[in-house]
Amino acid sequence: MAEGARSAVSPAREMAPGGALRPAGAILWKDLVAEVRSKELLSAMLVFALIVVVVFNFAVELRLELARQTSIGFLWITILFAGMLGLGRSLAREKDRGCLDGLLLCPVNRGMIFLGKMVGNLIFILAVEVVVIPLFVFLFEVAFFLPFQLLVVLLGTVGFAGVGTLLSAMAVHTRARDVMLPIILLPVTIPLVLAAVRASRVVLDGRDMSELLPWLGMLVAFDLVMMTVAYLTFDYVVEE
């Protein structure tokens with residue numbers, strides 16, 4: 001009787017939202033703990049992003065007005081390339097150590113693996129942005145810490161982390177994976193980067209917020225579509 005009750009409760013527990021997301025949480029926790037111990041991924045992304053920001057600042061140092069006009073583009077270029085560095089290494093590290101095969105052998109929905117890896121990549125990119133954006137504001141002398149600016153950065157980063165995690169899982173199985181990821185990722189993220197840059201420019205110039213709504217809508221639509229596609233197709237992408 002007791003065993004029957006336990007067997008009846010167990011499936012219900014697995015069907016609960018918390019139980020369904022538990023594999024994704026375990027993968028996320030594994031990635032965070034591994035990064036805290038090694039500091040391999042985050043340190044490389046931070047160093048690269050800081051170098052790019054400083055180089056861009058020196059490039060337009062003598063023309064303050066030019067720096068303000070091009071600052072948003074420089075910021076998104078920094079986020080894009082630092083994020084690609086992290087995305088490429090996150091799954092390549094799993095592949096080289098044989099951990100990816102172990103994850104794929106786990107009896108869980110492959111979509112949960114995608115969610116765990118995606119949220120981990122998102123956290124790493126956001127951590128880089130927390131350091132880079134204040135430095136960017138200081139060097140380029142732009143007013144950035146506005147609610148709408150931060151919303152644009154968050155929406156852009158979520159979409160980038162989602163599609164980047166899917167395509168990095170695709171590129172990791174190729175021999176030239178370090179070259180392949182930018183080749184397939186940059187064209188896909190053109191609408192995302194375009195909307196993010198235009199939305200950031202609208203806020204920075206202090207224009208009417210009605211001009212911001214179409215770009216925010218484009219960012220939200222990109223995030224929803226790409227996250228759904230990535231979740232549903234991740235199972236097929238990781239199959240060699």
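Below, the figures for the structure above:
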| quantity | calculated |
| --- | --- |
| Residues of the range 83-127 satisfying the condition of being in a helix (DSSP H, G or I) and among the polar types (S, T, N, Q) | S90, N121 |
| Single residue of the range 51-67 satisfying the filter (part of a helix (DSSP H, G or I) and surrounded by fewer than 17 Cβ atoms within 10 Å (Cβ to Cβ)) that is modelled with the highest pLDDT | I51 |
| Any hit, the range 200-217, residues being under 16 Å from I79 (Cβ atoms), in a helix (DSSP H, G or I), at pLDDT 90 or above and of a type outside the set (F, W, Y) | no |
| D223 being among the acidic types (D, E), out of contact with any Ser or Thr (no Cβ under 9 Å at 6 or more places or on another chain), farther than 22 Å from I123 by Cβ and assigned to a helix (DSSP H, G or I) | no |
| Residues of the range 167-193 that turn out to be under 17 Å from R93 (Cβ atoms) and assigned to a helix (DSSP H, G or I), as a count | 9 |
| Single match in F124, F114, F136 (criterion: touching a helix residue (DSSP H, G or I) at 6+ places or on another chain (Cβ under 6 Å), in contact (Cβ under 8 Å) with a residue 24 or more places away in the chain and either farther than 25 Å from V52 by Cα or among the charged types (D, E, K, R) (or both)) | F114 |
| Filter pass, V197 being of a type in the set (V, I, T), assigned to a helix (DSSP H, G or I), touching a helix residue (DSSP H, G or I) at 6+ places or on another chain (Cβ under 6 Å) and modelled with pLDDT under 85 | no |
| Only one of L46, L41, L75 that is farther than 29 Å from V237 by Cβ and modelled with pLDDT of 80 or more | L75 |
| Matching entry among L150, L154 (being aliphatic (A, V, I, L, M), in a helix (DSSP H, G or I) and at pLDDT below 90) | L150 |
| Of the criteria (1) buried (at least 21 other Cβ atoms within 10 Å of the Cβ); (2) closer than 18 Å to T233 by Cα; (3) among the hydrophobic types (A, V, I, L, M, F, W, C), which one A199 fails | (2) |
| Answer residue from the range 216-232, given it is surrounded by 12 or more Cβ atoms within 10 Å (Cβ to Cβ) and without any contact (Cβ under 8 Å) to a residue 60 or more places away in the chain and is farthest from G156 (Cα to Cα) among those | V225 |
| Subset of the range 116-138 that is hydrophobic (A, V, I, L, M, F, W, C) and within 12 Å of D31 (Cα to Cα) - its residue that is surrounded by the most Cβ atoms within 10 Å (Cβ to Cβ) | M118 |
| Matching entry among D208, D178, D235 (being closer than 21 Å to F124 by Cα, surrounded by fewer than 18 Cβ atoms within 10 Å (Cβ to Cβ) and either more than 14 Å from the chain's Cα centre (by Cα) or not β-branched (V, I, T) (or both)) | D178 |
| Residue count, the range 141-166 (criterion: surrounded by 16 or more Cβ atoms within 10 Å (Cβ to Cβ) and farther than 16 Å from E94 by Cα) | 14 |
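Results for (1) among the hydrophobic types (A, V, I, L, M, F, W, C); (2) touching a Leu at 6+ places or on another chain (Cβ under 9 Å), shown as yes or no for each residue.
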{"site": "C99", "(1), (2)": "yes, no"}
{"site": "G116", "(1), (2)": "no, yes"}
{"site": "G120", "(1), (2)": "no, yes"}
{"site": "V128", "(1), (2)": "yes, yes"}
{"site": "T157", "(1), (2)": "no, yes"}
{"site": "L181", "(1), (2)": "yes, yes"}
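The rows are residues; the columns are (1) crowded, with 16+ Cβ neighbours inside 10 Å; (2) under 18 Å from V47 (Cβ atoms).
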residue: T78; (1), (2): yes, yes
residue: L87; (1), (2): yes, yes
residue: S90; (1), (2): yes, yes
residue: L105; (1), (2): no, no
residue: V108; (1), (2): yes, no
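The values are calculated or read from the model by the stated rules, or taken from the named source; none is laboratory data. This is a predicted model, so every value here is computed, not measured. Cβ sites come from the backbone with ideal geometry, for glycine too, and all protein chains shown count toward neighbours.
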